[in-house]
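Below is one structure, written out as C-alpha cells; comments come after it.
The values are calculated or read from the model by the stated rules, or taken from the named source; none is laboratory data. Please read these numbers as outputs of a predicted model, since none were measured by experiment. When we count neighbours, we look across all protein chains shown, and the Cβ atoms used for this are built from the backbone with ideal geometry, even at glycine.
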Number of protein chains: 2
Amino acid sequence: MTASLIDGRKISKKIRVGIKSRVSRLREQKIRPGLGVILVASDPASCSYVSAKERACRRLGIFSETARLSASVSQSDLLNRIDVWNQSDKIHGILIQLPLPSHINQDAVIQAILPDKDVDGFHPINVGKTLIGDETGFAPCTPSGVCELLIRGGYDPSGKHTVIVGRSNIVGKPLAALLIQKKSGANATVTVCHSATKNMASYTRQADILIAAAGRAEFITGDMIKPGAVVIDVGTNHIEDPSCEKGYRLTGDVHFDSAAKVAAAITPSPGGVGPMTITMLMHNTVRSAEEFYRKLCAT
Amino acid sequence: MTASLIDGRKISKKIRVGIKSRVSRLREQKIRPGLGVILVASDPASCSYVSAKERACRRLGIFSETARLSASVSQSDLLNRIDVWNQSDKIHGILIQLPLPSHINQDAVIQAILPDKDVDGFHPINVGKTLIGDETGFAPCTPSGVCELLIRGGYDPSGKHTVIVGRSNIVGKPLAALLIQKKSGANATVTVCHSATKNMASYTRQADILIAAAGRAEFITGDMIKPGAVVIDVGTNHIEDPSCEKGYRLTGDVHFDSAAKVAAAITPSPGGVGPMTITMLMHNTVRSAEEFYRKLCAT
C-alpha cells in the first residue's frame, strides 16, 4: 500500500466539535436543535443507520425523536406524522429513513416535508437549489460529506477532473451538482459515468479524483485508477464471506488492496464517507435550528 | 464542409405541427392555452426574444399577454403581477424575460411563480425534478430543446460521451441533468467543462457529442473536435464586424467553418438551438393547459 488514508472518522470528529459548540450556544438561548426520524418497518440496515443517527444526536446534545411505524402504515398516517413535525417548534429537521414500503408514494412523502426542515436535502426544491448554487437550501448529506472530506483532507477539487461513477438521486447526481459550482471547494471538471457508460475504465483512468458510488462491490480495481489519484469510496455493500462470523462482510465499491497500491489517497470503507454523512446531517439540523432562532429573534 | 446540418428550424416546424393540433383539441374544450410574459425595461435583445415568443404563440393559437414594465418597477409590483397570473385561469404559463434590473431579487421573482405555471423551468422545484428525473415538473426550454434536436436529428445520446462546455443555470447545468437520466433519449456519459477546466481541448476532443454553451464567440475550433462528432452550438454572441451593416454580426460559440470540416453533424447558429427553445416553451405552455383541463375535468 502506498496511498495515504483519508480518515472520515477523524475528520468527522473535528467537525462535530464545532457542531457541539453551536448546539451549546443555541441551548443558552433555550433552543435545543431537534431531529425527527421516521422509520417504517424494521429492515436491519435501516435500524442500524437510525441508531447511529440517534447516537450522534445524543452525543451532540441534539434532541431526537424516532417514529417507528409498522410496515403496513398508511400513506395518510405517514403524512400526518410529517405534518405534526412540520408545525412543531421542537423539531428542526425531519428525515425519512429510505427505502419506504412499495405501497407508499415516496416522492409524495418527501415533498410533504417543509423544505426548511428537509435536512436530508431530498425535497426537489433543495435538490434544485443545490444544482443552481443557491445556498439557502439544504444539500444532501452524503454528497456534502464527500466535498468536506476532499476539502478538509487537503484535496481541493478545483480544476481537477473528478469522475463520479454512479448517478443515484442520493449521491451521484447531487454530488455532480455540488462539484461543478463556481465556488471555492468545488469548481471541478466533472464526468458522470453509470451503467450505460461504455469502456468505464477509459474514464476512471483519467480521474484526478475518482468517486465510486455505484453500489457494486469492489468493482473499481487498481488497474482502473490513475497513479496518484484521490479515491473516494461511497459504497457500502454486503458480500458473502463464509470466513466471517456473520457469513458476510461489508465492503465498498472499490477493491481496496489493489486501489491502495496506485492511488495517492483513499478512503477506507467503512470509516470513510459513512461518518461524514451523519455529521452533515447533524450540521444541517443545527443550521435549521439556528435559522429558526434567527427568525424568532426577527419577529 | 463535410458535416451535415442539424436544422433546428425544420425540426421545430415538425414539432409545432403536433403542438398546433393539441391547441386545437384544447380549444374544442373551450380551453385556450395562455402564456404571460413579463418584460422589464427594453433591452433590444430581450424585446426581440419576446416578440419571437409572441409570434410563435399567435401562429399556434396560444393566447399571449405581455406585461411591459419600466426599468424602475418595484419588486412588489412585479410580484403582484405574478400573483395575478398565478391565480388566472387564462394564463397557464408565466415567463420572466431575464435578466432583470439589479434592484430586483431575481431568485425571489422566479420562486414566486407557481411551479405548475413555470414553463421556463427555472423554479428550483422544477430544476430539482429535472435532476432527479421526476417528469411531473417542467424542464428548462433550451436544454430540452437540445435533447429534442439530438433525438429527432437521429443522434441518440445513449451511451455516448457528451461533453458540455458551460455551467450556466439556464443551459449547462440542467442539460447535464437531462442527459445523465436513465431513460431513452438520454443515458449519456456526461462531462461538464467550464472556465476553471484545465486543457479544455483534451476534453472536447473526446466528445462523441459536443455541446457549446459558454457564451464565448467562436471559441470551439475544428482542432478541438473529434472527427465524426456531433456538435451542438447553443451560443448567440454579438461580435463586431465593420463589414456588416449593423457593425456587428451574430455568431455561436463554435467556429463554424473549421468545425464543419471535422464534425459529422453540426447545428448552425442562428437556426439551430434558438428555434427549439421557443418550441419547447410552446410545448410546456400547452402541456400546462392540458394539465389545467385534466384537473378541471377531475373536479
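Some values worked out for this structure:
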quantity: Those residues of region A:53-84 which are in contact with a helix residue (DSSP H, G or I) (Cβ under 6 Å, 6 or more places away or on another chain), assigned to a helix (DSSP H, G or I) and of a type in the set (Gly, Ala, Ser), in sequence order; calculated: A:Ala56
quantity: The listed residue being of a type in the set (A, V, I, L, M), within 21 Å of B:Ala207 (Cβ to Cβ) and within 11 Å of another protein chain (Cβ to nearest Cβ), out of A:Ala196, A:Ala186; calculated: A:Ala196
quantity: Residues of region B:140-195 satisfying the condition of being among the small types (Gly, Ala, Ser) and under 18 Å from the mean Cα position of the chain (by Cα); calculated: B:Ser144, B:Gly145, B:Gly153, B:Gly166, B:Ser168, B:Gly172, B:Ala176, B:Ala177, B:Gly185, B:Ala186
quantity: Residues being closer than 12 Å to A:Ile164 by Cα and aromatic (Phe, Trp, Tyr) - total across region A:203-229; calculated: 1
quantity: Qualifying position, being of a type in the set (Gly, Ala, Ser), under 22 Å from B:Thr136 (Cβ atoms) and modelled with pLDDT under 95, among B:Ala289, B:Ala298; calculated: B:Ala298
quantity: Answer residue from region A:3-50, given it is β-branched (Val, Ile, Thr) and in a helix (DSSP H, G or I) and is farthest from the chain's Cα centre (by Cα) among those; calculated: A:Val23
quantity: Unmet requirement for B:Pro227, which otherwise passes all of (1) in the same structural domain as B:Asp156 (by TED's automatic domain parsing); (2) under 24 Å from B:Leu95 (Cβ atoms); (3) out of contact with any helix residue (DSSP H, G or I) (no Cβ under 9 Å at 6 or more places or on another chain); calculated: (2)
quantity: Complete set of residues in region B:27-50 that are out of contact with any Lys or Arg (no Cβ under 7 Å at 6 or more places or on another chain), at pLDDT 95 or above and of a type in the set (Gly, Ala, Ser); calculated: B:Gly36
quantity: Yes/no for A:Val171 being of a type in the set (A, V, I, L, M, F, W, C), more than 7 Å from chain B (Cβ to nearest Cβ) and under 15 Å from A:Lys226 (Cα atoms); calculated: no
quantity: Residue check for A:Gln97: within 13 Å of chain B (Cβ to nearest Cβ) and within 19 Å of the chain's Cα centre (by Cα); calculated: no
quantity: Selection from region B:149-160 of residues that are more than 8 Å from every other protein chain (Cβ to nearest Cβ) and under 13 Å from A:Val192 (Cα atoms); calculated: B:Lys160
quantity: First in region B:128-146 and within 8 Å of chain A (Cβ to nearest Cβ) and under 9 Å from B:Met280 (Cβ atoms), second anywhere and of a type outside the set (A, V, I, L, M, F, W, C) and crowded, with 24+ Cβ neighbours inside 10 Å, Cβ under 7 Å, 6 or more apart; calculated: none
quantity: Any chance A:Ile225 is closer than 23 Å to A:Thr279 by Cβ, crowded, with 20+ Cβ neighbours inside 10 Å, modelled with pLDDT of 95 or more and not acidic (Asp, Glu); calculated: no
quantity: Test for A:Ala201: is it touching a residue at least 12 places away in the same chain (Cβ under 8 Å), surrounded by fewer than 17 Cβ atoms within 10 Å (Cβ to Cβ) and assigned by TED's automatic domain parsing to the domain that holds A:Ala186; calculated: yes
quantity: Pairs where the first residue, in region A:63-90, is more than 18 Å from A:Ser288 (Cα to Cα) and the second is among the charged types (D, E, K, R), C-beta under 6 Å, 6+ apart; calculated: A:Ala67/A:Arg81
quantity: Residues (buried (at least 18 other Cβ atoms within 10 Å of the Cβ) and without any contact (Cβ under 8 Å) to a residue 12 or more places away in the chain) located in region B:17-36; calculated: none
quantity: Members of region A:199-236 found to be away from every other protein chain (no Cβ under 14 Å), among the charged types (D, E, K, R) and part of a loop (DSSP other than H, G, I, E, B), listed by number; calculated: A:Arg216, A:Glu218
quantity: Residue count, region B:37-62 (criterion: touching a residue at least 60 places away in the same chain (Cβ under 8 Å) and among the small types (Gly, Ala, Ser)); calculated: 3
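For (1) in contact (Cβ under 8 Å) with a residue 40 or more places away in the chain; (2) part of a loop (DSSP other than H, G, I, E, B), each residue gets a yes or a no:
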| site | (1), (2) |
| --- | --- |
| B:His238 | no, no |
| B:Ser243 | no, yes |
| B:Lys246 | no, yes |
| B:Arg249 | no, no |
| B:Ala263 | yes, yes |
| B:Ser269 | no, yes |
| B:His283 | yes, no |
